[in-house]
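Shown next, in structure tokens, is the structure this report addresses.
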Amino acid sequence: MRNLFASGHRGCAGCCNAMAAKFTLMAAGEDCIIVSPTGCLEVMTTPYPESSWGVPWIHSLFENAAAVASGVEAALKALGKDEKTKVLVIGGDGSTIDIGMRSISGAFERGHDITYVCVDNEAYMNTGVQRSGGTPFDASTTTSPAGRVSFGNPRPKKNMPAIIVAHGSPYVATASLAYPNDMIRKVRAAIDTKGPTYVHVHSPCTTGWGFDTSKTVEVARLAFETAMWPLYEIENGRMTKVNKIKEQKPVEEYLRIQRRFKHLFTMEGGDEEIKKIQHIADQNVLEFGLIE
Amino acid sequence: MISTRKIAKEKMKVVEGSYAVAHAVKVCRPNVISAYPITPQTHIVEDLSQFMADGEIPNCEYINVESEFSAISALVGASAAGARTYSATTSQGLELMHEVLFNVSGMRLPMVMTVANRAVSAPINIWNDQQDSISQRDTGWIQMHAEDPQEAADMVAQSYRISEDRDVLLPVMPCMDAFVLSHVYEPLVLLEQDLVEEYLPPFEPEFVLDPKNPRTFGAFADPSIYTEFRYLQAKAMDKALLKIEEAANEFNEVFGRYYGGLIDEYEKEDAEIVIVAMGSIIGTVKDVIDKLRSKGEKVGLLKVRSFRPFPIEAIRKNLKDAKVIVALDKNISMGLNEGALCTEIKACLYNTDINAPVIGFMIGHGGRDVPPSTINYIIDQARNVMSLGITVESQFTDVKEEMI
């Protein structure tokens, strides 16, 4: 398989975006058009006149990728090129869960034949690790910092996959960078399903989360093994597959290796906060039936 | 060349201005239309929707988007993918698009979007002035203003010619005044399909999103290269000056109608007082001039058709013998307290030998009617300036003092 995502880009060592883009293109192949909103991925892969993209790629703005993709798809249809060429969006959590929400909602309601891949690294990393709607409970970011009277982000993650399911999408899946084959299969399934489809990829950011650059996959795997990030597929509104956890690990193992949760282990009352996070994981186990 | 209309009466139909524009769009054969309804643009998009429902626009997709922001964003993708694109909007919708407008022109994507000029909120007001499009002045769009429904319709075809020209590759905003032009029924000629095909070549962009020849669109530019992108965009605007003239001249050759290229003039020959204006107010001004000319008064009109690019040379040449210049503005730059046309006319005469006084009148805000008596009042003021000099450089024309 020809590598469609060139190295030499300006991502950090251990960058989740580079991995997500590479896996997405391994699933999509050559005959696709990629739309990217503003964000790390856009900045690190396309400093003019360089580009990492071996497929046609377009960036317009931060909040409109789904609308741009709608237009690309409509143009291909009008020009009779839509049978072969697939249209994908690869965007971060900020441009998906927050500022891009309106244009995503519109595109999914209209039923365009597009696949949207959200590379969720749980904060605005491109601008310096500010909180987004994807930031998890108690994570310390530069705009939700832990401090004497704060444990960090006071709210849980917005449940974007559920919002997409509510739009009637025929295929919605969660994926993880720790399981590339699973992710590639899901992106391919999304592409092969007609209509607007969605893959939400849990994507640890070495810089923003604060872990060693060699640990991206390890952190991603711990999110799955602690039930902080369930992996599932929902087709036409019905849960059709859930990846089971053999033995659920305590959330401390996931939290302890990340700087953004460090305060939970040093501040008074941190124990209670960790219990709340354990509760979130345990609720995931129950909701998705994660354990055999 | 003075405006001409060789119109065979048997070809004329009485239609609404919006229908004439929608029909013009149809015969230009767009591939992707994307729009969000907003008064008073609605009739244009409703008529286009009906054409789609009746199968009258082949090889076209109509996207019913959830906002103006997405309307124009979808066209970014569509134009980059090689589609001829169209949208229409006004007022709040246009303001909502503001960020994307820069993006379209910066990416050098051809596009045509009719603006049915309307006032902006607050207070909310659905009627005509030109604050909406004037506020988009620096977005890099070519902005043209039509005088009547026929010109608004014809301007659609001209806009595609200009926008898609490889020396230009800039989006075009043909503007028509809300209600006064969009909702008025007039006898006019609907653009003929065969003539449009003769006039407007198919859209064949050099660079498109194509898996066989993958390219990167919308890369980021750091300080070492950003200036050059802006420079090339400015150069394209310069080239558009000529292309706008060509598009108007060739339109005249094919269709027999001409409204000026960058500018037009009326009773200008020996005019001492010259009124400068844009859009539907032109008709009223012409009527007033006719009456004054019959009394031997030397009053003329300069119609600015292209607001961006601003035709500096053409305007200088046209105004060189004027004794008093009067700019009419359906907009205001708050804080400067004059309209954009007034500011720009003054700016373009500076550093020249033309020393005629320029006075500005802000007029017709939020759809306030502009009767001939208001134009007569303005011309009276201009006469005073001719004899006494300027006392007030820029002023509101029709404020009801008793309500303040």
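The values are calculated or read from the model by the stated rules, or taken from the named source; none is laboratory data. Quantities reported herein were computed from a predicted structural model and do not represent experimental measurements. We place every Cβ from the backbone using ideal geometry, glycine too, and count neighbours over all the protein chains shown.
Quick notes
- Residue in region B:170-191 that is closer than 30 Å to A:T46 by Cβ, at pLDDT 95 or above and outside any strand (DSSP E or B) present: yes
- Among the strands (runs of 3 or more DSSP E) confined to region A:50-145, there are none with at least 3 residues that are modelled with pLDDT under 95 and on the phi > 0 side of the Ramachandran plot.
- Lone qualifier among B:F203, B:F220 - being surrounded by fewer than 18 Cβ atoms within 10 Å (Cβ to Cβ) and not assigned by TED's automatic domain parsing to the domain that holds B:M278: B:F220
- Those residues of region A:34-43 which are at the interface with another protein chain (Cβ under 7 Å from one of its Cβ atoms) and not in a helix (DSSP H, G or I), in sequence order: A:V35
- Checked against (1) crowded, with 24+ Cβ neighbours inside 10 Å; (2) touching a Phe, Trp or Tyr at 6+ places or on another chain (Cβ under 9 Å), B:L188 passes all but a single condition, namely (2).
- Check on B:K291, at pLDDT 95 or above, of a type in the set (D, E, K, R) and out of contact with any helix residue (DSSP H, G or I) (no Cβ under 8 Å at 6 or more places or on another chain): no
- Selected residue (criterion: surrounded by the fewest Cβ atoms within 10 Å (Cβ to Cβ)) from residues of region B:233-247 that are out of contact with any Asp or Glu (no Cβ under 9 Å at 6 or more places or on another chain), in contact (Cβ under 8 Å) with a residue 12 or more places away in the chain and not polar (S, T, N, Q): B:D238
- Selection from region A:194-230 of residues that are surrounded by fewer than 19 Cβ atoms within 10 Å (Cβ to Cβ) and assigned to a loop (DSSP other than H, G, I, E, B): A:K194, A:G195, A:D212, A:T213, A:S214, A:K215
- Within region B:113-128, one or more residues are out of contact with any Pro (no Cβ under 6 Å at 6 or more places or on another chain), closer than 28 Å to A:I114 by Cβ and modelled with pLDDT of 95 or more.
- Across region A:161-175, the number of residues qualifying as surrounded by fewer than 22 Cβ atoms within 10 Å (Cβ to Cβ) and touching a helix residue (DSSP H, G or I) at 6+ places or on another chain (Cβ under 6 Å) comes to 1.
- Comparison of B:A248, B:A236, B:A327 shows that the only residue that is part of a helix (DSSP H, G or I), small (G, A, S) and either on the phi > 0 side of the Ramachandran plot or over 14 Å from the mean Cα position of the chain (by Cα) (or both) is B:A236.
- Candidate set from region B:274-288 (those that are touching a helix residue (DSSP H, G or I) at 6+ places or on another chain (Cβ under 9 Å) and outside any strand (DSSP E or B)); member that is surrounded by the most Cβ atoms within 10 Å (Cβ to Cβ): B:M278
- A:V129 vs. criteria within 14 Å of chain B (Cβ to nearest Cβ) and surrounded by 24 or more Cβ atoms within 10 Å (Cβ to Cβ): no
- Residue match in region A:232-239 (condition: of a type in the set (V, I, T), touching a residue at least 60 places away in the same chain (Cβ under 8 Å) and closer than 19 Å to A:A189 by Cβ): yes
- Selection of region B:336-390 for residues being touching a Gly at 6+ places or on another chain (Cβ under 9 Å) and in a helix (DSSP H, G or I) yields B:L341, B:C342, B:T343, B:I345, B:K346, B:T374.
- Filter pass, B:V358 being among the β-branched types (V, I, T), free of Cβ contacts under 8 Å to residues at least 60 places away in the same chain and surrounded by 15 or more Cβ atoms within 10 Å (Cβ to Cβ): yes
- Residue, nearest to B:H43 (Cα to Cα), within region B:110-147, restricted to residues that are among the hydroxyl-bearing types (S, T, Y) and under 11 Å from the mean Cα position of the chain (by Cα): B:T114
- Residue check for B:R84: within 21 Å of the chain's Cα centre (by Cα), within 11 Å of another protein chain (Cβ to nearest Cβ), of a type in the set (K, R) and farther than 25 Å from B:D329 by Cα: yes
- Test: residue in region B:206-217 that is farther than 22 Å from B:A248 by Cα, away from chain A (no Cβ under 11 Å) and over 30 Å from the mean Cα position of the chain (by Cα): no
- Residue, farthest from the other protein chains (Cβ to nearest Cβ), within region A:44-93, restricted to residues that are basic (K, R) and under 23 Å from B:Y86 (Cα atoms): A:K81
- The lone criterion from (1) part of a helix (DSSP H, G or I); (2) touching a Lys or Arg at 6+ places or on another chain (Cβ under 6 Å); (3) farther than 26 Å from B:S133 by Cα left unmet by B:A271 is number (1).
- Any hit, region B:55-62, residues being more than 14 Å from every other protein chain (Cβ to nearest Cβ), of a type outside the set (K, R) and buried (at least 24 other Cβ atoms within 10 Å of the Cβ): no
- There is at least one residue in region A:30-45 that is over 20 Å from B:A74 (Cβ atoms), without any contact (Cβ under 8 Å) to a residue 60 or more places away in the chain, crowded, with 24+ Cβ neighbours inside 10 Å and β-branched (V, I, T).
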